[in-house]
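Notes for the one structure printed next.
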Amino acid sequence: MSLTGPLFLGLVVAATVASFVALVVLWPRLAGSDLSHVAARAGLLLGVNALVLLTAATQVNAQFLFFADWGDLLGALGGTAATTRVARGTSASEAANKPVQGPSAVAGETPQLPAGAIGPDGVVTSTVTGPLSGITGTVVVQLPFGYTDPANTSVRYPVIEAFQGYPGGPTQWIRNMNLGGVMADAVNAQRMRPALIVAPQIEIPRGVDTECVDGSPGRPQLETWLTQDVPDWVARTFRVQGARSSWATIGLSAGGWCAAMAAMLHPAQYSAAIVMGGYFRPDFGPFYEPYPSSSPLAARYNLVSLADRSPPPVALWIETSHADPLSYGSSAQLLKTARPPLSVTATVLQHAGHRIGVWEGLVPGALAWLGSNVAGFRPSR
């Protein structure tokens with residue numbers, strides 16, 4: 001019996017309805033004031049409420065796949081999950097460090113940030129208007145430890161552009177996933193170099209699952225804003241490296257798709273992407289259609305086809321699971337088609353759902369992979 005299948009969900013709903021009917025029928029018989037009658041009434045009320053909560057939890061889980069199956073649920077409770085690691089294409093270091101001609105953000109002279117712009121936790125929140133896309137949105141930047149130290153005024157840093165899931169906000173990687181804290185641990189352990197975390201808003205308009213794509217004329221140009229306007233603003237505003245080997249993306253769920261799309265379609269800007277529970281074709285909700293399904297844009301955003309037709313020199317680190325239908329289908333297809341100069345390093349879990357609890361434990365290893373293979377993120381000895 002599937003954890004998310006109609007039989008189990010139907011049985012839970014039926015049990016909830018039956019318990020409510022039993023409560024209504026039996027309540028008059030339990031009207032006494034002695035201890036046994038009070039305990040019976042309390043037990044019925046608790047049972048009905050517990051089943052109502054279970055019904056809500058199972059329905060939400062079926063929709064969002066926090067736990068994909070019984071094995072996933074047991075693995076989460078026991079802290080274990082069977083894992084397979086797969087590598088396809090060329091090596092990650094060869095893909096990430098290959099020179100690529102094309103447009104990219106140019107790091108120039110960097111002005112001093114205004115007084116008070118940096119929060120006590122090293123976070124800068126700005127409203128950015130993109131001249132190429134015409135989009136105005138929020139960008140949250142977490143500076144690495146030591147960025148404001150006068151001794152480091154000549155130091156330039158690599159950049160990780162972080163994409164949140166849907167629904168979510170640009171602080172998801174910084175606040176919920178604690179990417180800055182995990183990165184600081186990796187830096188202290190000499191597994192990677194300190195980097196800026198740049199987290200742009202991707203729901204523009206707010207609440208819309210844009211999938212980070214450029215729409216037809218008149219629709220928001222999210223890809224342009226995220227991959228050109230935001231990097232250009234970062235390069236003008238902060239002390240960052242300009243080489244592609246110093247720029248990478250990271251994302252989870254829908255943000256994983258965005259991370260893969262940004263890197264694979266803009267290899268002159270990004271050398272690597274970390275994709276957690278992501279996918280390789282956009283998955284729009286029922287209320288947003290940025291372009292017709294037969295348009296050239298639809299073909300542009302088929303990354304599985306791109307990997308087969310014209311693989312870019314990009315290093316991908318991906319996590320997926322056999323039990324994650326949102327991620328696994330296109331991820332498995334990508335692994336089948338990937339060839340040089342693309343590199344794909346995959347962590348495939350046997351029983352894992354689509355939830356932050358799975359991805360949190362994988363972040364340290366993914367950052368170590370980045371520091372080991374991508375020149376701009378390698379620790380300075």
Counting only residues in region 88-111 that are charged (D, E, K, R) and within 29 Å of W369 (Cα to Cα), the one modelled with the highest pLDDT is identified as E94
Scanning region 140-173 residue by residue, those under 16 Å from the mean Cα position of the chain (by Cα) and closer than 18 Å to A262 by Cβ turn out to be V140, I160, E161, A162, F163, Q164, G165, Y166, G168, P170, Q172, W173
Next item on the list: Confirm whether M261 is over 22 Å from P205 (Cα atoms) and of a type outside the set (D, E, K, R).
Entry: no
When region 100-133 is checked residue by residue, the ones that are aliphatic (A, V, I, L, M) and surrounded by 15 or more Cβ atoms within 10 Å (Cβ to Cβ) are V100, A105, A107, L113, I118, V123, V124, V128
Among the residues that make up region 112-135, is at least one of them at positive phi, at pLDDT 95 or above and of a type outside the set (V, I, T)?
yes
Per the filter on region 179-237, residues closer than 24 Å to L362 by Cβ, of a type in the set (V, I, T) and not in a loop (DSSP other than H, G, I, E, B) are V182, V187, I197, V198
Taking region 329-381 and keeping residues part of a helix (DSSP H, G or I), more than 21 Å from P312 (Cα to Cα) and without any contact (Cβ under 8 Å) to a residue 40 or more places away in the chain leaves G365
Verdict on A254 being in the same structural domain as T153 (by TED's automatic domain parsing), crowded, with 24+ Cβ neighbours inside 10 Å, within 23 Å of I174 (Cβ to Cβ) and in contact with a Ser or Thr (Cβ under 8 Å, 6 or more places away or on another chain): no
Across region 283-304, the tally of residues that are part of a helix (DSSP H, G or I) and crowded, with 16+ Cβ neighbours inside 10 Å stands at 4
Note: among A272, A260, A254, A299, just one is more than 17 Å from F163 (Cβ to Cβ) and among the small types (G, A, S), namely A299
Expected single match for among the aromatic types (F, W, Y), buried (at least 23 other Cβ atoms within 10 Å of the Cβ) and either in the same structural domain as S343 (by TED's automatic domain parsing) or closer than 20 Å to M192 by Cα (or both) among W233, W247 is W247
Looking at region 209-224, is at least one residue closer than 21 Å to G108 by Cβ, assigned by TED's automatic domain parsing to the domain that holds T127, touching a residue at least 12 places away in the same chain (Cβ under 8 Å) and surrounded by 22 or more Cβ atoms within 10 Å (Cβ to Cβ)?
no
Those residues of region 1-53 that are of a type outside the set (A, V, I, L, M, F, W, C) and touching a residue at least 60 places away in the same chain (Cβ under 8 Å) come to a total of 2
Going through region 130-158 in order, the residues found to be in a loop (DSSP other than H, G, I, E, B) and of a type in the set (S, T, N, Q) are S133, T148, T153, S154
Subset of region 137-164, residues of a type in the set (F, W, Y) and under 21 Å from S380 (Cα atoms), comes to F145, Y147, Y157
| Looking at region 157-170, is at least one residue at pLDDT below 95, hydroxyl-bearing (S, T, Y) and assigned by TED's automatic domain parsing to the domain that holds A262? | yes
Kindly establish whether R206 is without any contact (Cβ under 8 Å) to a residue 60 or more places away in the chain, surrounded by fewer than 20 Cβ atoms within 10 Å (Cβ to Cβ) and of a type in the set (K, R).
-> yes
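The values are calculated or read from the model by the stated rules, or taken from the named source; none is laboratory data. Quick caveat, the model's predicted, so the values are computed rather than measured. Counting neighbours? That spans all protein chains shown, and the Cβs are built from the backbone with ideal geometry, glycine included.
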